[in-house]
1. State the volume of the convex hull built on the alpha-carbon positions of segment 1-141, expressed per residue in Å³ and rounded to an integer.
2. Could you give the length gained by full extension between residue 329 and residue 173, i.e. 0.36 nm per residue of separation minus their alpha carbon distance, to one decimal place?
3. What's the angle, to the nearest 10 degrees (0 to 90), between helix 338-361's Cα axis and the longest principal axis of the chain?
4. Given the Cα-Cα distance of residue 93 and residue 295 and 0.36 nm per residue of separation, how much length would full extension add, in nm?
5. In square nanometres, what is one fourth of the surface area of the convex hull spanned by the alpha carbons of segment 230-362?
6. Using all alpha carbons of segment 90-218, what is the percent of pairwise distances in each 10 Å bin, ordered from the shortest bin to the longest?
7. Would segment 2-258 count as rounded, prolate or oblate if I go by the C-alpha gyration tensor, calling it rounded below 1.5 in a/c and otherwise prolate when a/b exceeds b/c, oblate otherwise?
8. Semi-axes of the equivalent ellipsoid of segment 1-83: what are they in whole Å, largest first, if each equals the square root of 5 times a C-alpha gyration tensor eigenvalue?
Amino acid sequence: MEATVMNIKEIVEQKWKKRPLIISGPCSAETEEQVIATAERLAKTGKVDILRAGIWKPRTRPGSFEGIGTKGLPWMQAAKKATGLPVTVEVATAKQVEDALHFDIDVLWIGARTTVNPFSVQEVADALRGVDVPVLIKNPINPDLELWTGAVERVAKAGIKNIGLIHRGFSAYGNTEFRNAPMWHLAIEMKRRNPELMIINDPSHICGRRDILFDVAQQAINLDFDGLIVESHIDPDKAWSDAKQQITPEQLGEMIDRIVWRQEASNSEELQSALEKLRQQINHLDDELMQILGQRMKIAEQIGEFKKNNQITILQTNRWNEILDRAVQKGNKLGLSQEFITKYFDAVHMESIQHQNKIMNS
């Protein structure tokens, strides 16, 4: 028995270092037969490194299936025994941590609804003290990198050495395309701040539907993510939770095969030289943009002086609409998306308002 424990620990350590790391399994553990059958079919693909299943399911509203609970943990043990693969579950309370470790769960993850609450994260972190288990931390539901960073710091202070990140998208008002808006820039910034931490993508929760799963997964790999966590079910349409975003184990294997796996950099001097020349062009254009933006703000200050002297308000709605409409039309001809143009000019407009406000108050 001891040898088996040592073997699985060695496997977990090897998997943790593997790139790309692929985690898959059902959204929820429903029955022992469903968990083991899914695990065996996933293992058969040869693409999966760690098996997952939701044991406790925090739901937005009461009445939905909230997980099978602790009685599902022996099923995960059985799945591990049947496949030889490590297993992972989500934990949100000290009791759940205790139960998961009691049943030899190899990797734990902290969900988005827990990450958003520092009290809950601290409870989980306290329960992890003195334990040697890898922990993955999902981004909080709301787009707040400080909460995500705080969760990492709390778990690290508990003595956990192997910490990874899961990008599962963010709740955003007005978002219609995704279940959770990816907001890639936030994940990229978190990766920049924590280059030593593994970060994997959760396209299942970003998409909320299987038809765009591949596109999001490929984009994550294009952005140098370290792997994927994808929900898989033996009969997705009959799943007890999140049926629309799950795929069969065989479909998962096909998706992994379709993905173009890229590397961060090439060792070829010729390729590096060609890339460096293009980067220098970007640097020169960025310098020019900064110069032009600086000049624009100086003119905005002159306008602020004029408005101050003539008792005119800073915000001129008609003029702002005119600028935005003109920019969107021009940007469209240049191949720039309306979303980008709107965000860019919103930022420029707010900076211009701040400059004019300083003039008004001087």
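1. 115
2. Extending this stretch completely gives an extra 53.6 nm.
3. 50
4. Result: 67.3 nm gained on full extension.
5. Across all orientations, segment 230-362 yields a mean hull projection of 15.3 nm².
6. Using 10 Å bins, I get a P(r) of 13, 44, 32, 11, 0 for segment 90-218.
7. Because its axes are fairly even, with a/c under 1.5, segment 2-258 counts as rounded.
8. 25, 15, 13
Since every read-out is calculated from the coordinates, none of them should be taken as a lab result. Computed from a predicted structure; not experimentally measured. All Cβ positions, even for glycine, are placed from backbone atoms using ideal geometry, and neighbour counts span all protein chains on display.
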